[in-house]
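First up is the structure itself, then whatever we jot down about it.
The values are calculated or read from the model by the stated rules, or taken from the named source; none is laboratory data. Note that the structure is a prediction, hence the values are computed from the model and not measured. Glycine gets a Cβ as well: all are built from the backbone with ideal geometry, and neighbour counts include every protein chain shown. Keep in mind that these areas ignore ligands, DNA and RNA; they rest on the heavy atoms of the full protein, side chains included. Shrake-Rupley method; radii C 1.70, N 1.55, O 1.52, S 1.80 Å.
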Amino acid sequence: MDVLLKDGDIVLDHRGMPVRIEGNRELAQQAVIRLAVKRGSLPFDPSFGSRLHQIRRFGSQKQMEQEALAAVREALAPMQKLRVLSAGCRYDAENSRLTVQVQAAAGAVPLALEVAV
(Lines give C-alpha, C1' and ligand atoms only; values in the text may rest on other atoms or scores of the structure.)
Protein backbone atom coordinates (compact mmCIF):
# COMPACT_ATOMS: atom_id res chain seq x y z
CA MET A 1 0.00 0.00 0.00
CA ASP A 2 1.24 3.47 -0.88
CA VAL A 3 -0.01 7.06 -0.72
CA LEU A 4 -1.33 8.83 -3.80
CA LEU A 5 0.97 11.47 -5.27
CA LYS A 6 0.01 14.28 -7.62
CA ASP A 7 2.56 16.70 -9.03
CA GLY A 8 5.05 15.49 -6.40
CA ASP A 9 2.75 16.13 -3.44
CA ILE A 10 0.79 13.74 -1.25
CA VAL A 11 -2.94 13.88 -2.00
CA LEU A 12 -5.09 14.37 1.11
CA ASP A 13 -8.69 13.30 1.64
CA HIS A 14 -11.48 15.44 3.15
CA ARG A 15 -10.12 14.73 6.66
CA GLY A 16 -6.60 15.84 5.76
CA MET A 17 -5.32 12.25 5.72
CA PRO A 18 -3.18 10.83 2.90
CA VAL A 19 -5.17 8.99 0.24
CA ARG A 20 -3.99 5.37 0.08
CA ILE A 21 -3.67 3.38 -3.13
CA GLU A 22 -2.98 -0.24 -3.87
CA GLY A 23 -3.08 -2.78 -6.66
CA ASN A 24 -2.67 -1.60 -10.24
CA ARG A 25 -2.97 2.07 -9.30
CA GLU A 26 -0.02 1.69 -6.92
CA LEU A 27 1.92 -0.28 -9.54
CA ALA A 28 1.34 2.44 -12.15
CA GLN A 29 2.46 5.17 -9.74
CA GLN A 30 5.62 3.24 -8.87
CA ALA A 31 6.37 2.81 -12.57
CA VAL A 32 5.95 6.52 -13.29
CA ILE A 33 8.31 7.35 -10.41
CA ARG A 34 10.93 4.94 -11.80
CA LEU A 35 10.61 6.55 -15.22
CA ALA A 36 10.76 10.15 -13.94
CA VAL A 37 13.84 9.70 -11.74
CA LYS A 38 17.19 9.99 -13.52
CA ARG A 39 19.02 6.67 -13.36
CA GLY A 40 22.03 6.99 -11.06
CA SER A 41 20.70 9.99 -9.14
CA LEU A 42 19.97 8.03 -5.94
CA PRO A 43 23.26 7.25 -4.19
CA PHE A 44 21.77 4.38 -2.17
CA ASP A 45 20.43 2.68 -5.34
CA PRO A 46 22.26 3.82 -8.50
CA SER A 47 20.31 1.36 -10.67
CA PHE A 48 16.96 2.99 -9.78
CA GLY A 49 15.42 5.28 -12.38
CA SER A 50 15.53 5.62 -16.15
CA ARG A 51 17.74 6.96 -18.89
CA LEU A 52 14.85 8.80 -20.56
CA HIS A 53 16.60 12.11 -19.93
CA GLN A 54 19.47 10.89 -22.16
CA ILE A 55 17.32 10.32 -25.24
CA ARG A 56 18.47 12.39 -28.20
CA ARG A 57 15.80 14.94 -28.93
CA PHE A 58 16.88 15.40 -32.53
CA GLY A 59 16.75 12.81 -35.25
CA SER A 60 13.97 10.61 -36.47
CA GLN A 61 10.81 9.95 -34.50
CA LYS A 62 11.38 6.23 -34.93
CA GLN A 63 14.87 6.47 -33.42
CA MET A 64 13.57 8.49 -30.44
CA GLU A 65 10.83 5.94 -29.84
CA GLN A 66 13.27 3.02 -30.04
CA GLU A 67 15.53 4.71 -27.48
CA ALA A 68 12.52 5.47 -25.29
CA LEU A 69 11.31 1.87 -25.42
CA ALA A 70 14.77 0.55 -24.47
CA ALA A 71 15.03 3.05 -21.58
CA VAL A 72 11.53 2.21 -20.34
CA ARG A 73 12.15 -1.55 -20.46
CA GLU A 74 15.43 -1.14 -18.58
CA ALA A 75 13.87 1.07 -15.90
CA LEU A 76 10.83 -1.13 -15.37
CA ALA A 77 12.60 -4.51 -15.58
CA PRO A 78 12.67 -4.91 -11.76
CA MET A 79 8.88 -4.58 -11.67
CA GLN A 80 8.04 -8.21 -12.40
CA LYS A 81 4.26 -7.68 -12.34
CA LEU A 82 4.50 -5.15 -15.18
CA ARG A 83 4.98 -5.92 -18.87
CA VAL A 84 5.96 -3.07 -21.20
CA LEU A 85 4.10 -3.22 -24.52
CA SER A 86 5.13 -0.01 -26.29
CA ALA A 87 6.51 3.48 -25.81
CA GLY A 88 5.83 6.57 -27.86
CA CYS A 89 7.20 10.05 -27.39
CA ARG A 90 6.85 13.61 -28.50
CA TYR A 91 9.33 16.41 -28.09
CA ASP A 92 8.27 19.99 -27.39
CA ALA A 93 11.27 21.98 -28.62
CA GLU A 94 9.84 25.27 -27.36
CA ASN A 95 9.89 24.02 -23.75
CA SER A 96 12.70 21.44 -24.19
CA ARG A 97 10.39 18.76 -22.82
CA LEU A 98 10.15 15.14 -23.88
CA THR A 99 6.89 13.37 -23.05
CA VAL A 100 6.89 9.58 -23.10
CA GLN A 101 3.68 7.57 -23.25
CA VAL A 102 3.98 3.94 -22.19
CA GLN A 103 1.50 1.16 -22.79
CA ALA A 104 1.99 -1.65 -20.30
CA ALA A 105 0.05 -4.46 -18.72
CA ALA A 106 -0.26 -5.88 -15.23
CA GLY A 107 -1.45 -9.37 -16.02
CA ALA A 108 -4.48 -8.85 -18.27
CA VAL A 109 -5.04 -5.25 -17.09
CA PRO A 110 -3.78 -2.57 -19.50
CA LEU A 111 -2.00 0.44 -18.01
CA ALA A 112 -1.28 3.75 -19.72
CA LEU A 113 1.60 5.74 -18.21
CA GLU A 114 2.95 9.17 -19.11
CA VAL A 115 6.06 10.95 -17.91
CA ALA A 116 7.68 14.21 -18.98
CA VAL A 117 11.45 14.61 -18.79
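Quick one: in segment 2-25, which of the residues that are in a loop (DSSP other than H, G, I, E, B) and aliphatic (A, V, I, L, M) is farthest from VAL37 (Cα to Cα)?
Just the residues of segment 2-25 that are in a loop (DSSP other than H, G, I, E, B), to begin with: 4, 7-8, 11, 13-17, 19, 22.
Going one step further and asking which of them are aliphatic (A, V, I, L, M), we end up with 4, 11, 17, 19.
Working: LEU4: 17, VAL11: 20, MET17: 26, VAL19: 22 Å.
Residue satisfying both the conditions and the ranking: MET17.
Looking only at segment 13-24, how many residues end up being open to solvent by 100 Å² or more (accessible area, probe 1.4 Å) and in contact with a strand residue (DSSP E or B) (Cβ under 8 Å, 6 or more places away or on another chain)?
Qualifying residue count, segment 13-24: 2.
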